[in-house]
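Read the structure below first, then the notes.
The values are calculated or read from the model by the stated rules, or taken from the named source; none is laboratory data. Because the structure is a prediction, the values reported are computed rather than measured. Note: ideal-geometry Cβ built from the backbone for every residue, glycine included; neighbour counts use all protein chains shown.
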Amino acid sequence: MNTDSSTRFIFKGADIRGNLVRLTDSYQSAIGNHDYPDDVKLLLGEFLVAAQLLASTIKFEGTLTLQAKANGAIRALMAETTHDGETRGIAQLAEDGTRYDFSALKDGLLAVTIAPTGKQNYQSMVPLTGSNLSECLKHYFDQSEQLGTLFHLAVAGEEAAGMLIQQLPRQLETDEKLREEHWNTTQILSNTLTKEELLQKDNATILKHLFAEEDIQLLGSTPVTFTCSCSQARMAGALASLGSAELEALFSEEENVELTCEFCSTAYTFDAASLTRWLSGDQATH
Ligand SMILES: [Zn+2]
């Protein structure tokens, strides 16, 4: 059974929606092949959850990437997901780092890139401000649209979870003052959610507990899986980008060259002949 899911919900009779994400297997797979410090594992868990929550706010077919870049102990943190919940993520660290919590990303940039299949990518960026990723994402939405958006993220042990609450454009609530009051109350209530509750309680219980007065409907759930998009053909392409002189030198020293995918640790081996075959497209369909 797949325990990892992204589940939408709506407030009936109000212009408010939300999403709850819980990841166990996909989170464990993303960190499993790496020797990350504990703080980096926690942060990567938050990024993986946040990527799902962000994907739930837009309609797209393709890939959404949430990426932080900084010059501190953490160089880069990245989580990506397809529209149907295929996710992967990675951290790149400085070798001489001492602290690897959110402060290691200070003064960096947070970018959200959407790559719709067959269309042009679009990207938006905000400075990595605030004391955690939730605050930074709230800032991202405050800057880009008028609709209030809140993030709650929690990671502990083998689990990562998150909740998003978002205002919708005015539709059901026509009185602007009442609409804003309702949103303010919802924010206050949602901020009473503890990390323990988010991680331990099921979706229905969380919503009932937080918003006892509301009529909330849980909608569809998307399964989330750790899936890497690497392949022998892509690795051949990466090798080819070294240039022919470099490749010739490489194969004059070694009969086989092995490349390891940094996301999933799958190893791909090439000799000069097989690389040529891959690059000529003879094996591109495999
Ligand atoms: Zn891979």
* To do: Filter the range 60-88 for residues that are more than 16 Å from the ligand (Cβ to nearest atom) and not hydrophobic (A, V, I, L, M, F, W, C) and give the result.
  => Glu61, Gly62, Gln67, Lys69, Asn71, Gly72, Arg75, His83, Asp84, Gly85
* Structure fact -> Counting only residues that are free of Cβ contacts under 8 Å to residues at least 24 places away in the same chain and among the hydroxyl-bearing types (Ser, Thr, Tyr), the range 1-43 contains a total of 1
* To do: Would you list the helices (runs of 4 or more DSSP H) that sit entirely within the range 167-265 and hold 1 or more residues that are within 16 Å of the ligand (Cβ to nearest atom) and surrounded by 12 or more Cβ atoms within 10 Å (Cβ to Cβ)?
  => 232-240
* Asked: Of the residues in the range 134-166, how many are in a loop (DSSP other than H, G, I, E, B), more than 17 Å from the chain's Cα centre (by Cα) and loosely packed, with under 15 Cβ neighbours inside 10 Å?
  -> 3
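So which residues in the range 266-277 are within 16 Å of the ligand (Cβ to nearest atom) and hydrophobic (A, V, I, L, M, F, W, C)?
Ala267, Phe270
Is it the case, given these coordinates, that Lys138 is among the basic types (Lys, Arg) and either touching a helix residue (DSSP H, G or I) at 6+ places or on another chain (Cβ under 8 Å) or free of Cβ contacts under 8 Å to residues at least 24 places away in the same chain (or both)?
yes
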* Asked: If we scan the range 55-71, do we find a residue that is hydrophobic (A, V, I, L, M, F, W, C), at pLDDT 95 or above and closer than 19 Å to Asn203 by Cβ?
  -> yes
* Structure fact -> Filtering the range 253-273 for residues that are among the hydrophobic types (A, V, I, L, M, F, W, C) and under 9 Å from Met235 (Cα atoms) leaves a count of 2
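From Val40, Val21, grab the single residue that is buried (at least 23 other Cβ atoms within 10 Å of the Cβ), β-branched (Val, Ile, Thr) and in contact with a Leu (Cβ under 7 Å, 6 or more places away or on another chain). Give the derivation first.
Values: Val40 fails: buried (at least 23 other Cβ atoms within 10 Å of the Cβ).
Result: Val21 is the single residue among Val40, Val21 that is buried (at least 23 other Cβ atoms within 10 Å of the Cβ), β-branched (Val, Ile, Thr) and in contact with a Leu (Cβ under 7 Å, 6 or more places away or on another chain).
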* Looking at Val49, is it touching a helix residue (DSSP H, G or I) at 6+ places or on another chain (Cβ under 6 Å) and either surrounded by 20 or more Cβ atoms within 10 Å (Cβ to Cβ) or small (Gly, Ala, Ser) (or both)? -> no
